[in-house]
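The values are calculated or read from the model by the stated rules, or taken from the named source; none is laboratory data. In this text the structure is predicted, and so the values were computed from the model without any measurement. Using ideal geometry, Cβ is built from the backbone for each residue, glycine included, and neighbour counts are taken over all protein chains shown. Note: accessible area is taken over every heavy atom of the protein model, side chains too, but ligands, DNA and RNA are not part of it. Shrake-Rupley method; radii C 1.70, N 1.55, O 1.52, S 1.80 Å.
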Amino acid sequence: MEQQVVAPMACSVVMLAVAPGDALRRGQLMCVLEAMKMEHELLAPEHGRVLRLAVAAGQAVEAGAPLLIWRSEAAPGDLEATRPSGPVDAGTSVLRPDLQALIERQAHTLDANRPEAVARRRARGQRTARENIAAACDAGSFVEYGALAIAAQGRRRSHDDLVRHTPADGMVTGLGDINAGRYVPMPGSAATRCVVMAYDATVLAGTQGLRNHQKTDRMLGLARQGRLPVLLFAEGGGGRPGDTDAAVLAGLYLPTFASFAGLSGRVPLVGVAAGRCYAGNAALLGCCDVIIATRDSNIGLGGPAMVEGGGLGVHTPEQIGPSAVQSGNGVIDVLVADEVEAAAVARRVLGCFQGRSVRRDGDPPWSDATAQAFREVLPASRTRSYDMRAVLRLVADTGTLLELRAGHAPGVLTALARIEGRPVGLLASNPAHLGGALDAEAADKASRFMALCDARSLPLVSLVDTPGFMVGPDSEAQAHVRRAGRLFIEGARLRVPILAVVLRKAYGLGAMAMTGGGFHVPFATVAWPGGEFGAMGLEGAVRLGYRKELAAAADPAARA
């Protein structure tokens, strides 16, 4: 019986694959139709024979219009379906050209296929960007965004050259888990899913190009939308002058820097610097809550070329912002030996923002500190100095103390830690420096730390042993009034609870500033048995308040 094959929709006939008299096999292609830019194949439903055609190639037809007339016939013994009825063996099938091209393109981004670039990193004692990301993220969790981007230099370089030498446009970006399942979330805890971005110094010296800026902006948008922490590996230079594929004069309208800075206080921002970190890389790094840097790092808002171009002399990269300088001035929060330690510390820092430690049966006690150790950590003499860091190690759970800005402003100590598994911020006077007095730099350091704890929902434990604010002509020359005032302002803004612990001296305005503005601000104030309280140092108060009586006492022993 004759049967019609009709058009299933209004379409055009792209191709007729059969002619009158042709034998049909079940599943054989009869014609190809096109509608709405999509092509559709019509296949023979049974074995048969084509009797006549009702249309020609290129002809437009309406839905239901006949395309060809055919007749069903019994299948000859040598006629079988042209299309396989079972799955194709992936091991023997030929890859489609588009898939093959994708695999080859992806291969150019892999470290294994960039031996020269990897060798240069090894010669400097460093890891690659992708190795650093793998070390920071939980195993297998990183999903890369924008891996196939290349530098926007198509007007001056071949596409093949750009694919081979500018993978990911020098910026590896994506999402990865960090510390997933290790901590119990608490109110205000950060997510374990993180935005991770690493400038690749082996690609155009880690400069910031058109497309890696676009990738960065995309990731920062995801961080804002999902309230995801950001981990930034910053290494390389600033803006790249060689991109040609866009009508950009100076690029001063780019949203990257405002977007990154706008995340401050919303999500944790952790930066890692290794090697040379200049200009735009350094500007982003400087916005981070916590900066981790290796001892061989150099961090500066301008590299040697920019310094020389400004007429400021010729300098080697090692002379600009070495780690010793940037640790001493407070730019670096945690100074580490190498990138291996940097990735581990980054995981620890983010962990302090992610919740309470999971407690399991058989785990050792939170701390091995004993009551006797607390009794002995302070000397019996009220005027004898001691090691405040030893006190912090006793207060914190074993192995959890992570001091920030250890090389800067030694008048106060700041640290992230855990107490019975709960993350806290530790702020402490340092009696080994100026007797624990708060100088201008110490006030700045304490202010910034209070703001960090508040933004990250960390309760603050303040250990107080201070004679007050540093005073005198030299101190006032450092704008100490404004800097001390900022410490009171940050204390007044705190939304997290404070616990004040007075170890020895708690005198004057400095002691009040260490406790958020006054001793009734903390949730509780406790003291060592030898704690002392006063509007100023006891000896000084007596000398001022009892000047006449002291002068009238002729006997030195009686005067004392």
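Looking at the range 345-373, which of the residues that are β-branched (Val, Ile, Thr) and outside any helix (DSSP H, G or I) is nearest to the chain's Cα centre (by Cα)? Even if it seems obvious, please write down each step before you answer.
Residues of the range 345-373 that are β-branched (Val, Ile, Thr), as a first pass: 345, 349, 358, 370.
Those left that are additionally outside any helix (DSSP H, G or I): 358, 370.
Details: Val358: 23, Thr370: 37 Å.
Only one residue fits best here, namely Val358.
Of everything in the range 255-293, what is in contact (Cβ under 8 Å) with a residue 24 or more places away in the chain, in a helix (DSSP H, G or I) and either buried (at least 23 other Cβ atoms within 10 Å of the Cβ) or of a type in the set (A, V, I, L, M, F, W, C) (or both)? Give them in sequence order.
Matches in the range 255-293: Phe257, Phe260, Ala261, Ala279, Gly280, Asn281, Ala282, Ala283, Leu284, Leu285.
Go through the range 450-486 and give me each residue that's in contact with a helix residue (DSSP H, G or I) (Cβ under 9 Å, 6 or more places away or on another chain), within 23 Å of Val526 (Cα to Cα) and open to solvent by less than 30 Å² (accessible area, probe 1.4 Å).
If the condition is that a residue be in contact with a helix residue (DSSP H, G or I) (Cβ under 9 Å, 6 or more places away or on another chain), within 23 Å of Val526 (Cα to Cα) and open to solvent by less than 30 Å² (accessible area, probe 1.4 Å), then Met450, Asp454, Leu458, Pro459, Leu460, Val461, Ser462, Leu463, Val464, Asp465, Thr466, Gly468 are the ones that fit.
Ala258 versus (1) within 25 Å of Asp444 (Cα to Cα); (2) in contact with a helix residue (DSSP H, G or I) (Cβ under 6 Å, 6 or more places away or on another chain): which is the lone unmet condition?
Condition not satisfied by Ala258: (2).
If you go through the range 169-189 one residue at a time, how many are within 22 Å of Leu458 (Cα to Cα) and surrounded by fewer than 24 Cβ atoms within 10 Å (Cβ to Cβ)? Talk me through it step by step, then tell me what you get.
Our first condition is that a residue be within 22 Å of Leu458 (Cα to Cα); within the range 169-189, this holds for 177-189.
From what is left, the residues that are surrounded by fewer than 24 Cβ atoms within 10 Å (Cβ to Cβ) are 177, 179-189.
Selection size over the range 169-189: 12.
Per-residue answers, yes or no, for (1) within 18 Å of Ile291 (Cβ to Cβ); (2) open to solvent by 20 Å² or more (accessible area, probe 1.4 Å); (3) among the basic types (Lys, Arg); (4) not in a helix (DSSP H, G or I):
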position: Arg375; (1), (2), (3), (4): no, yes, yes, no
position: Val391; (1), (2), (3), (4): no, no, no, no
position: Gly399; (1), (2), (3), (4): no, yes, no, yes
position: Ala415; (1), (2), (3), (4): yes, no, no, yes
position: Ala428; (1), (2), (3), (4): no, no, no, yes
position: Ala442; (1), (2), (3), (4): no, no, no, no
position: Ala446; (1), (2), (3), (4): yes, no, no, no
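Of all residues in the range 190-231, which are touching a residue at least 60 places away in the same chain (Cβ under 8 Å), in contact with a Pro (Cβ under 7 Å, 6 or more places away or on another chain) and open to solvent by 10 Å² or more (accessible area, probe 1.4 Å)?
Ala190, Ala191
Scan Asp217, Asp138 and give me the residue that is in a loop (DSSP other than H, G, I, E, B) and either in contact with a strand residue (DSSP E or B) (Cβ under 9 Å, 6 or more places away or on another chain) or farther than 25 Å from Ala112 by Cα (or both). If you could, list the steps in order and put the result at the bottom.
Working: Asp217 fails: in a loop (DSSP other than H, G, I, E, B).
Result of the check over Asp217, Asp138: Asp138.
Among (1) among the polar types (S, T, N, Q); (2) farther than 21 Å from Pro229 by Cα; (3) buried (at least 22 other Cβ atoms within 10 Å of the Cβ), which single condition is Ser158 missing?
(3)
Are any residues in the range 141-187 among the β-branched types (Val, Ile, Thr) and either part of a strand (DSSP E or B) or closer than 22 Å to Gly239 by Cβ (or both), and if so, which ones?
Val143, Ile150, Thr166, Val172, Thr173, Val184
Limited to the range 502-534, what total is found for residues that are open to solvent by less than 20 Å² (accessible area, probe 1.4 Å) and under 33 Å from the mean Cα position of the chain (by Cα)?
Within the range 502-534, residues that are open to solvent by less than 20 Å² (accessible area, probe 1.4 Å) and under 33 Å from the mean Cα position of the chain (by Cα) number 5.
Could you list, in sequence order, all residues of the range 196-214 that are of a type in the set (D, E, K, R) and assigned to a helix (DSSP H, G or I)?
Once the filter is applied, which keeps residues that are of a type in the set (D, E, K, R) and assigned to a helix (DSSP H, G or I), the range 196-214 yields only Arg211.
Let's see how each residue does on (1) open to solvent by less than 90 Å² (accessible area, probe 1.4 Å); (2) modelled with pLDDT under 90; (3) more than 30 Å from Thr166 (Cα to Cα); (4) part of a loop (DSSP other than H, G, I, E, B):
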{"residue": "Leu67", "(1), (2), (3), (4)": "yes, no, yes, no"}
{"residue": "Trp70", "(1), (2), (3), (4)": "yes, no, yes, no"}
{"residue": "Ser85", "(1), (2), (3), (4)": "no, yes, yes, yes"}
{"residue": "Thr92", "(1), (2), (3), (4)": "no, yes, yes, yes"}
{"residue": "Glu104", "(1), (2), (3), (4)": "no, yes, no, no"}
{"residue": "Ala117", "(1), (2), (3), (4)": "yes, no, no, no"}
{"residue": "Gln126", "(1), (2), (3), (4)": "yes, no, no, yes"}
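Where in the range 458-560 are there helices (runs of 4 or more DSSP H), lying wholly inside it, with at least 1 residues that are within 30 Å of Met186 (Cβ to Cβ)?
Output list reads 480-493, 508-514.
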